[in-house]
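The values are calculated or read from the model by the stated rules, or taken from the named source; none is laboratory data. All values reported here derive from a predicted model rather than from experimental measurement. Neighbour counts run over all protein chains shown; Cβ positions are idealised from the backbone, glycine included. We work out accessible area using only protein heavy atoms, side chains counted, and drop any ligands, DNA or RNA first. Shrake-Rupley method; radii C 1.70, N 1.55, O 1.52, S 1.80 Å.
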Amino acid sequence: APSDHLILDEASFNHNLGVALDYADAHDALIPLGIEPPRPSTGYGYIRFAPEEGKVKKVLQFTEKPPLEQAQAYLASGDYLWNAGIFVWKAGRVLAAFEQHAQEIHRILQAGADLYNTEQEQAFIEEHYPATPSISVDYAIMEKAGNVYTIPSNFGWSDLGTWASLHANIPKDSYGNHIQAENALTEEVTNCLIRLPEDKLLVARGLEDFIVVDEGDVLLIWPKDQEQAIKSMTQQLHQRFGERYA
């Protein structure tokens, strides 16, 4: 499980985790927890599941970050979940999946099997791990394995991976704004995330659904509903201005 994700409903999370652990213990199964999507998002991978009875569903397909129209269709179908990157499996079964579907990774790391859980483990990993292919677990095994199941879940999850997701999960004023600024004068500003250095005065008018972030050497002003385009803009900045803005 990622270490930096937000889970608001811990009781529901623990319940779903228990269902997944019981199923993984009794079946040959690799289980990603799927998040029931509250909105169409182009920033997450999607899991398509079979509409069968029971809490645990057979996974039919993984799809990476679709365009908006496709994400809207996924939401309307009811057969898709967000991929939260939270996985449940038995060690032996996931090792077998790596051996079958990601043989190079398995070969490189299996060479140190006798060193794991010893004082030599860290030195082996530092030397050999950089030689493994740079590939996500989804591409390496989950999209290829035939024993993948999911559990539709809703436990107040967010990966806090975007400014909009951060804005959705932090306190806001009566106008829907979260403003981090020592001194601020605003008029007709609504549903915005604004963050400025402590010594800077904010004067703003007529902003709605905007991200405004001043990091000192970079000032970002961006529509909140178009924030997925920030990544491509970051690449352009890197190409145009070099490593400083990578």
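Do you know the relative contact order of the chain, to the nearest whole percent, from alpha carbon pairs under 8 angstrom that are 6+ apart?
Over the chain, the number comes to 19 percent.
Using 0.36 nm per residue, how much length does the chain from Ala73 to Ser136 gain when fully extended, once their Cα-Cα distance is taken away?
Between Ala73 and Ser136, full extension yields an extra 20.1 nm.
Taking the chain as the reference, fit the longest principal axis to its C-alpha atoms, fit the long axis of helix 10-26 to the helix C-alpha atoms, and give the angle between the two in degrees, 0 to 90, nearest 10.
Here the helix axis deviates by roughly 20 degrees.
Using the Kirkwood formula over every pair of different C-alpha atoms, what hydrodynamic radius in Å results for region 90-246?
Here the Kirkwood hydrodynamic radius works out to 20.2 Å.
Mind checking which lysines have their Cα closer than 21 Å to the Cα of Lys172? Skip sequence neighbours fewer than 8 apart in that chain.
Excluding near neighbours in sequence, the set is Lys200, Lys224.
Roughly what angle does helix 91-101 make with the longest principal axis of the chain, taking Cα atoms, 0 to 90 degrees, to the nearest 10?
Approximately 90 degrees, to the nearest 10.
Using only the alpha-carbon atoms, how far is helix 230-241 inclined from the longest principal axis of the chain? Give it as 0 to 90 degrees, nearest 10.
80 degrees
Using alpha-carbon positions, what is the distance between the centroids of region 81-128 and region 47-72, in Å?
Centre-to-centre distance over Cα atoms comes out at 27 Å.
Can you compute the equivalent ellipsoid semi-axes for region 108-164, i.e. the square root of 5 times each eigenvalue of the Cα gyration tensor, sorted largest first and rounded to whole Å?
They are 31, 17, 14 Å, listed from largest to smallest.
Could you give the accessible area per residue of the chain, probe 1.4 Å, as a whole number in Å²?
Accessible area per residue, the chain: 60 Å².
Counting only protein heavy atoms, what percent of the accessible surface of the chain is carbon or sulfur at a 1.4 Å probe?
That fraction is 50 percent.
How do 115-121, 138-144 rank on mean C-beta neighbours within 10 Å, highest first?
138-144, 115-121
Subtracting the Cα-Cα distance from 0.36 nm times the residue separation, let me have the gained length for Glu104 to Asp28 in nm, one decimal.
Extra length from Glu104 to Asp28 when fully extended: 25.1 nm.
So in region 143-246, what percent of DSSP beta bridges are antiparallel if you round to the nearest 5?
Roughly 30 percent of the DSSP beta bridges within region 143-246 come out antiparallel.
Quickly estimate the mean residue ellipticity at 222 nm for the chain, helices only: each DSSP H run with n ≥ 4 gives -39500 (n - 2.57), and the total goes over all residues, rounded to 500.
It lands at -8500 deg cm²/dmol.
Take the Cα pairs of region 19-87, get the Kirkwood Rh, then feed it into Stokes-Einstein at 20 °C and 1.002 mPa s and tell me D in µm²/s.
In µm²/s, the coefficient rounds to 171.
Going from the alpha-carbon gyration tensor of region 158-211, what semi-axes, largest first and in whole Å, does one get by taking the root of 5 times each eigenvalue?
Calculated on Cα positions only, the semi-axes equal 19, 13, 9 Å.
Can you tell me how much longer the chain between Lys144 and Glu119 gets when fully stretched, taken as 0.36 nm per residue apart minus their C-alpha distance, in nm with one decimal?
Contour length minus the Cα-Cα distance gives 5.6 nm.
Compute the distance in nm between two label points, each set 7 Å from the Cα along the Cα-to-Cβ direction, one at Glu187 and one at Ala1.
4.9 nm
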